[in-house]
Each structure stands twice: as structure tokens, then as C-alpha cells.
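Where a number appears in this text, it was derived from the coordinates with a stated rule and is not lab data. Note that this is a predicted model, so its numbers are computed, not measured. Positions of Cβ are backbone-derived with ideal geometry, glycine not excepted, and every protein chain shown enters the neighbour counts.
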Amino acid sequence: MFTFSHTDIPDVLLLEPRVFGDHRGFFFESFNAIDFARCIGAEVQFVQDNHSKSVRGVLRGLHYQAQHPQGKLVRVTQGEVFDVAVDLRRDSPCFGKWVGVTLSADNRRQLWVPPGLAHGFLVTSDSAEVLYKTTDYWYPEHEQCLMWDDLTVNIRWPLQGKPQLSEKDAKGKLMRDMFKSEI
């Protein structure tokens with residue numbers, strides 16, 4: 001069973017599982033289709049699970065697929081990240097806004113990022129393992145990247161120095177180049 005709360009982008013939800021713990025350790029359901037549908041108000045079919053491991057200061061994202069957009073249910077199984085979603089849905093009242101939350105193995109929170117939003121995270125612990133379910137498959141030919149430091153979006157990353165980026169992420173697009181008529 002999950003409790004959930006809305007973020008500043010109402011479709012982006014922060015989910016917190018009910019954890020059963022004692023001197024032996026803990027147990028919780030990390031996913032339950034009925035509870036998840038209750039939280040988001042719709043049934044969703046996940047088709048792919050992804051798992052990444054990164055070291056402190058790695059920033060992955062902000063990724064999205066213009067065609068075949070993916071909804072993502074994100075959680076951290078080791079370490080801690082600052083997880084970010086940016087609304088790229090042109091018809092949304094939250095278009096161009098971002099939300100960021102801390103996800104960690106300790107807090108066991110999950111973030112639901114619906115289709116149409118860019119997603120990324122910054123590793124804030126020595127290392128972190130991130131698991132996420134997606135509602136559509138990865139299509140490399142449709143993957144795009146919003147520049148992590150775009151001043152139009154103005155994400156307040158908890159950085160200490162410059163982030164470590166992949167070559168692909170370092171070449172992300174600015175919002176003004178993606179949606180010239182909307183900005």
C-alpha cells in the first residue's frame with residue numbers, strides 16, 4: 001500500500017510505500033498495480049525495467065522521447081539522488097516547469113513521471129543505483145535531451161562543482177530551440 005502526494009506539477013506524484021520493519025530488517029511492496037492505479041487515477045502497463053549505477057556528481061538527463069513518450073516510475077535501491085521532471089507537454093498549464101525530489105534507499109520514495117515530461121537525476125551520495133519502470137520501450141532514434149542547465153527552466157540542482165555528463169547529455173537542447181513558438 002502506498003501513500004502519495006502531488007508535486008508542483010500535479011501529474012507528477014511522490015509515492016511512499018508502507019514499510020514493515022523489525023529487528024530482522026524490513027519488507028515492502030515496491031509495486032502493486034492496483035495501488036498504483038489508485039494513486040495516479042489510471043491503469044498503466046509497464047513494458048520495461050531499467051537499472052543504472054552512477055557515482056557522486058553524475059547527472060543523467062534530462063531525457064525524453066518526442067515519439068513514444070515514456071512514463072517512468074523511479075526509485076533508488078542504493079544511495080541517493082536528486083530526481084527531476086520537467087513538463088514538456090505544450091498543452092499543460094505547467095509547461096516548462098520542473099519539480100525535484102530526493103529519492104534514496106533510506107526514504108524508499110518513488111517518483112511517478114508521466115509521459116511527456118523530461119526526466120533526469122543527479123547522484124548526491126558516493127554512488128547510487130536507480131531502478132525505473134517505463135510505459136514504453138526505449139527507441140534510441142526518438143530519444144532527446146533537454147540541457148540540464150537551461151536558464152529558461154532554471155533547475156536548482158544541489159551541485160558541488162560541475163556535474164559529470166555523458167557526451168550525449170552534454171549536447172542537450174535548450175527549450176527555446178525545442179519549442180520556439182511557446183517560449
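Of the DSSP beta bridges with both residues in the stretch 45-178, give the percent that are antiparallel, rounding to the nearest 5. Intermediate results must be reported in sequence, preceding the final value.
Numbers: 39 of 41 bridges.
The antiparallel proportion sits near 95 percent.
Could you tally the net charge around Q164, taking each other residue with its Cβ under 10 Å from the Cβ of Q164, Lys/Arg +1 and Asp/Glu -1? Provide the component values of the computation, followed by the final result.
On the way: positive: R56, R60, K162; negative: D169.
Residues close to Q164 contribute a combined charge of +2.
Tabulate in residue order the Karplus-calculated ³J(HN,Hα) for the stretch 53-67, using 6.51 cos²θ - 1.76 cosθ + 1.60 with θ = phi - 60°, rounded to whole Hz; enter x for Gly and Pro.
Along the stretch 53-67, the couplings run 10, 9, 9, 3, x, 6, 10, 10, x, 9, 8, 7, 10, 5, 9 Hz.
Over the Cα atoms of the chain, each weighted equally, I'd like the Debye log10 I(q)/I(0) at q = 0.08, 0.10, 0.11, 0.19 Å⁻¹, rounded to two decimals.
After summing over all Cα pairs, the log10 values are -0.24, -0.38, -0.46, -1.40.
Within the set of other residues whose C-beta is less than 11 Å from the C-beta of T7, count the net charge using Lys and Arg as +1 and Asp and Glu as -1. Working shown, then result.
Numbers: positive: K97; negative: D8, D11, D83, D87.
Its environment carries a net charge of -3.
How much net charge surrounds G79 when only the other residues with a Cβ under 11 Å from the Cβ of G79 are counted, with Lys and Arg +1 and Asp and Glu -1? Spell out each step's value before the answer.
Details: positive: K53, R56; negative: E80, D106, D126, E129.
Summing Lys and Arg as +1 and Asp and Glu as -1 gives -2.
In debye, nearest 20, what is the charge dipole magnitude of the chain about its Cα centre with +1 on Lys and Arg Cβ and -1 on Asp and Glu Cβ, if you could check? Kindly include the intermediate steps, with their values, before the conclusion.
On the way: 21 positive and 24 negative charges, 51 e Å.
Its charge dipole is roughly 240 debye.
Under the rule a/c < 1.5 gives rounded, and otherwise a/b versus b/c splits prolate from oblate, where does the stretch 1-45 land using the Cα gyration tensor?
Details: a/c = 3.81, a/b = 1.81, b/c = 2.11.
Oblate.
Only helical DSSP H runs with n ≥ 4 go in: add -39500 (n - 2.57) per run for the chain, normalise by residue count and round the 222 nm mean residue ellipticity to 500 deg cm²/dmol. It would help to have the intermediate numbers written out before the result.
Numbers: 3 runs with 16 residues, N = 183.
Dividing the helical sum by the residues of the chain leaves -2000 deg cm²/dmol.
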